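Chemist: Pasting in a structure now, in structure tokens, and then I'll have a few things to ask.
What follows draws every value from the coordinates through simple rules; no lab data is involved. Keep in mind that this is a model prediction, so the values were computed, not measured. So basically every Cβ, Gly included, is an ideal-geometry build from the backbone, and we count neighbours across all protein chains shown.
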Amino acid sequence: MEPPREITNQTESPAERPGLPAADPLDAEGPVAPQGHRRTLVLVAVLIPVSLIAALLIWATVRSGGRAGGGTVNDELGEVKVDPRPAPAFRLPDLDGSELDLESLRGKVVMVDFWASWCPPCQREAPVLAEVYERYRGRPVEFLGISIWDKGQDARSFAERFQIQYPVAVDHEGRIAIDYGVTGIPEKFFVDREGRLVRRFVGPMDEPTLVAILDRMLAPAASR
């Protein structure tokens, strides 16, 4: 550590020295922002992520026909009626660095789950999703976990804590959540083997309901 610098009376100002420009106060000991400027920087740092989330919610409201609920946490299970349509395609890296590509899963029943590590209902249902996924190993079923409003490390810790074996990715930009019209978490979308989005649920899902949905979608009549 350098000793404190000795301050002496300055009898000659820099402006009085030939060939030297007048000193800029911001150059002393490096740039030092005034108090008011620092408060402005802090305020901007806080408002930027808030603005991004607000923009996401506005776009979600527009894309979902005014049904976006402002990023709510869904405590109770409920189904939202949907008209079967092609599921919005997406590609992004999962937590292991592999590419998560919905189009590559054509021929399988896919559950796309939107969640966040800090969401209590998501935490409650995580063991159910992990157990049911293991039960359907070897069958044409895939789960995709999409973490939103979350940090990558938090999502990874969540997956490790609940021993989640299916692919998990973080939608940092909120693009996928917007395309699907997500209104809150947890929220699930079921895609049939032809790539059509056919069912949508909000709230934590229990095991009997999830199993019944998968079995019905895997039935031969469901693929006709």
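Chemist: When a/c reaches 1.5 or more, the comparison of a/b and b/c decides; with that in mind, is the range 164-224 rounded, prolate or oblate per its Cα gyration tensor?
Modeler: Prolate shape, in that a/c is at least 1.5 and a/b is the bigger ratio.
Chemist: Would you please give the residues with an amide H less than 5 Å from that of GLY181, counting only those at least 5 places away or on a separate chain, with H modeled from the backbone geometry?
Modeler: Here nothing satisfies the definition.
Chemist: Ratio of alpha-carbon Rg to the 2.2 N^0.38 Å globular estimate for the range 72-223, to two decimals, please.
Modeler: 0.94
Chemist: Applying a 10 Å radius around every beta-carbon, put 126-134, 82-90 in order of their mean neighbour count, most first.
Modeler: 126-134, 82-90
Chemist: Can you tell me which of 148-156, 206-214 comes out highest on packing, and rank the rest after it, using the mean Cβ neighbours within 10 Å?
Modeler: Ranked from most to least packed, the peptides come out as 148-156, 206-214.
Chemist: Taking other Cβ within 10 Å of each residue's Cβ, how do SER117, SER104, SER147 sort, fewest first?
Modeler: SER104, SER117, SER147
Chemist: Given labels modelled 7 Å from the Cα in the Cβ direction, how far is it in nm from VAL73 to ALA89?
Modeler: That separation, rounded to one decimal, is 3.7 nm.
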